[in-house]
Amino acid sequence: MSSVYLSFLGLGTKKTDSDSGKYEETSYILDVVGGKPSRKTPFVQVAEMELLGAKQFDKLIIVVTKKSRDEQFDEMKKQLDEVGARNIIPVQVSEDMSPAGQWKWFEEILARIEHNDDLTVDITHGYRAIPIVFSTAINFLQRAKGVRLKAVYYGAFEKNRSCSPIIDMKEFFVVNEWAEAVSRLVEDADTRKLGRLAETTPDFQLGELNDDELIRALEALTDSIRNVDVNNVARQAQEALELIEKKRAGASETGRILLGLMIDKFSGLVIEPPESGKYDRPYFEMQLKIIGLLLEHKLYMQAYTVMREFVASVGMLGVQGARVVSKKGRSKRKRYAETFIGMLRYPEEEWRFEGEKEETKKQLIPYYERLKGMGLERELRGFFGELADYRDGFDHAWTAKDGARPDIAKKGQVFCTRLQSVFELLDEHRFFTRSGDPSGQGIK
C-alpha cells in the first residue's frame with residue numbers, strides 16, 4: 001500500500017503564435033492546511049506539494065504527452081525537487097483521441113496504481129480530455145483495486161488574482177458510491193454499503209440517505225428478506241417506506257432519484273390490510289412477492305425455502321383456527337403442514353405414516369379430497385416433488401448429487417409460475433373466504 005499523488009501536465013494556453021504556451025505563475029492557497037499561500041509557480045502540483053508536504057507521498061505520477069514532457073516536465077520536476085518531492089514518475093500517453101486511444105490512456109495510468117493505495121488526484125492541467133477520462137476511472141479504481149480516494153484537487157486559476165484557491169472536489173465523486181450503495185440495496189438486498197457511507201460521509205451530502213434511522217429500517221427489512229422472515233416483511237417494508245417518503249419530501253434532486261428507486265423496489269411488499277396472523281389471502285400474496293424478490297436477487301436457497309413453505313401453508317388452510325404467529329399456531333403447523341407435504345410428495349399407494357402422523361393424515365383426508373375434487377391436488381403434484389428435490393439439494397449442499405443443478409434459476413421461475421396458478425385456483429374456489437378454515441368444518 002502506497003500514498004500516491006497523480007496529476008496531469010498539459011501545455012498551457014498560447015497568447016500568440018510565438019508564445020511558448022506555458023502556464024502563468026501564481027500563488028495558490030489551500031484552506032485545509034491553514035490558508036497559507038504557496039510560492040509563486042506556474043505549476044499547481046508544486047504548490048500542492050509545498051502546502052500538503054511532499055514527504056507524505058511515496059510517489060508522484062505525472063501524466064504527460066510527448067509535447068508537454070518536452071516543453072514543461074523538466075522545469076516542473078526541478079521545482080518539485082525544491083519542495084522535497086521524490087520518486088516523480090512521468091507516464092507518457094499518446095495524443096490519440098479515438099476511443100481506443102482513450103482506453104489506452106486509462107490502462108497506462110491503471111498500471112501505476114496498486115491495490116489498496118491511498119490516492120490524491122489533481123485534475124487542474126491536462127491534455128484535452130485526459131483528466132475527464134480519468135475522472136470517470138476513479139470509480140473503477142475504488143471498486144477493482146480497493147483504492148482509497150483522499151482528495152481530488154482543482155486549482156482555480158484566475159488572471160490578475162494574486163492568490164488562486166485550490167478546491168477539493170472529492171465529495172462530488174462520492175455520488176458514485178451512493179449510487180452503488182442504493183443499487184446494492186435494490187438489486188441484492190444488501191445494506192452494508194449504505195451503512196459504511198453513512199458513517200464516513202458528511203451530513204451535507206445526500207443527508208436524506210445519510211440517516212441512521214433510515215439505515216436501521218432498511219437493514220431490518222433486508223434482513224427479513226434474506227432470512228426468509230415472511231411474517232415480518234410487510235410490517236418492516238411499511239416502516240421503511242414511510243421513512244423513505246418522509247425523507248423524499250425535502251430531498252435534493254439526486255436524493256429523490258435514489259429514494260425513488262427504493263420505493264419502486266419495495267412498495268410491492270406492503271400488503272393492505274395489515275396481516276391478520278392467519279393463513280389468508282394477504283399471507284399467500286406476501287409469500288409470492290417474497291419468492292419473486294428472492295429469485296430476482298438470486299437468493300435461490302431462500303426462494304426455494306419460501307416456495308416449499310407456500311405449499312405447506314396450503315395444507316394449513318384446512319386446519320380450523322390455524323395461525324401464523326403463536327405458540328399454538330406453530331405447533332399445529334409442524335404437525336399438519338409437514339404431514340400434508342408428505343401426502344403430496346409421494347403417490348397415495350406409497351404413503352407410509354405411523355403414530356401421530358397417521359392420525360394427522362386421517363384428519364387431513366377430507367380437506368385433501370376437497371382439493372382433489374377441484375383439481376388442486378393434481379396441480380400441486382404436477383411440480384411439488386421436483387421442487388422438494390431441489391430444496392433438499394440446498395439442505396445437503398448438493399452432496400447427494402453430482403453438484404448443484406445448472407437450471408436452478410430457470411426452474412425457480414417455473415415453480416413460481418406454478419405457485420401463482422395454485423394461488424389463483426384457491427382464490428377461484430373461495431378457499432380464502434374463511435381464513436384458516438375454508439370449509440367451516442376444518443380440523444380443530
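The values are calculated or read from the model by the stated rules, or taken from the named source; none is laboratory data. Since we're looking at a predicted model, the values are computed, not measured. We place every Cβ from the backbone using ideal geometry, glycine too, and count neighbours over all the protein chains shown.
Summary table
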| quantity | calculated |
| --- | --- |
| Any hit, region 154-164, residues being within 17 Å of L197 (Cα to Cα) and of a type in the set (A, V, I, L, M) | no |
| Within region 227-248, considering residues that are crowded, with 16+ Cβ neighbours inside 10 Å and basic (K, R), the one nearest to M301 (Cα to Cα) | R235 |
| L141 surrounded by 20 or more Cβ atoms within 10 Å (Cβ to Cβ), out of contact with any His (no Cβ under 7 Å at 6 or more places or on another chain) and modelled with pLDDT of 90 or more | no |
| Cβ pairs under 9 Å, 6+ apart, first in region 355-379 and of a type in the set (G, A, S), second assigned to a helix (DSSP H, G or I) | G375/L425 |
| So F432, is it in a helix (DSSP H, G or I), in contact with a helix residue (DSSP H, G or I) (Cβ under 9 Å, 6 or more places away or on another chain) and modelled with pLDDT of 60 or more | no |
| Top-ranked residue in region 358-378 [being part of a helix (DSSP H, G or I) and under 45 Å from the mean Cα position of the chain (by Cα); ranked as surrounded by the most Cβ atoms within 10 Å (Cβ to Cβ)] | L371 |
| Single match in R405, R391, R381 (criterion: within 21 Å of I290 (Cβ to Cβ), of a type in the set (K, R) and either touching a Lys or Arg at 6+ places or on another chain (Cβ under 8 Å) or modelled with pLDDT of 90 or more (or both)) | R391 |
| Matching residues, region 223-260, being over 24 Å from M286 (Cα atoms) and not in a helix (DSSP H, G or I) | G250, A251, S252 |
